[in-house]
1. Please give the charge dipole size of region 39-164, origin at the Cα centre, charges +1 on K and R Cβ atoms and -1 on D and E Cβ atoms. Round to the nearest 20 debye.
2. Please list 3J(HN,Hα) in residue order for region 79-93, calculated via the Karplus relation 6.51 cos²θ - 1.76 cosθ + 1.60 where θ = phi - 60°; whole Hz, with x for glycine and proline.
3. May I ask you to give the percent of accessible area on region 31-164 that is carbon plus sulfur, with a probe radius of 1.4 Å?
4. Within 10 Å, count the other beta carbons around each residue, average over each peptide in 77-85, 109-117, and list them highest first.
Amino acid sequence: MMKNLVKQLVSFILPITVVVVVPLWIEDDRVIHRGVHLLFGLPLITAGLTIMALTISSFIRIGKGTLAPWSPTKKLVIRGLYRYVRNPMILGVFTVLLGEALSLWSKNILIWAVCFFFINTIYFITSEEPGLEQRFGDEYREYKKHVSRWMPRITPYSPDQKEK
């Protein structure tokens with residue numbers, strides 16, 4: 001139990017680094033203290049954090065693992081937000097970064113958000129998706145056919161219903 005809790009806590013290193021450490025490193029104190037645009041970015045930050053929390057919860061409860069590549073899920077997660085889009089965690093982080101860029105009126109954080117998105121797209125295509133196909137086989141391939149990497153579906157995916 002304690003070992004699992006430690007794994008879960010360590011897996012938070014990735015999103016915290018992306019949404020807190022890097023933006024603080026990118027920006028200087030003048031920009032961070034001038035958060036006049038916070039009201040505009042706050043809804044995006046809140047939405048992104050909510051998506052991240054729901055995704056992390058699904059990884060723990062359903063997948064029996066973490067979001068970290070070094071401690072992956074044991075089961076394929078295709079419930080919750082994963083019924084709409086294959087990578088809600090990355091979309092949540094990207095949304096937080098966009099909210100931060102807007103809140104701080106920061107071109108540098110916006111550039112970081114775009115770089116983060118493209119780095120993850122390359123990672124998913126070259127490493128994550130082939131690894132999921134290897135681990136979960138036809139179940140993942142079928143899911144991948146019906147659920148987009150980045151564009152959420154209007155209706156939730158269900159492996160039991162046949163697509164028209």
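The values are calculated or read from the model by the stated rules, or taken from the named source; none is laboratory data. The structure presented is a predicted model; accordingly, all values stated were derived computationally and were not measured. We place every Cβ from the backbone using ideal geometry, glycine too, and count neighbours over all the protein chains shown. Remember, those area values only see protein heavy atoms, side chains included, never the ligands or the DNA or RNA. Shrake-Rupley method; radii C 1.70, N 1.55, O 1.52, S 1.80 Å.
1. For this selection, approximately 280 debye.
2. 10, x, 5, 5, 6, 10, 8, 6, 10, x, 4, 5, 5, x, 5
3. C and S fraction of accessible area: 66 percent.
4. Descending mean neighbour count gives 77-85, 109-117.
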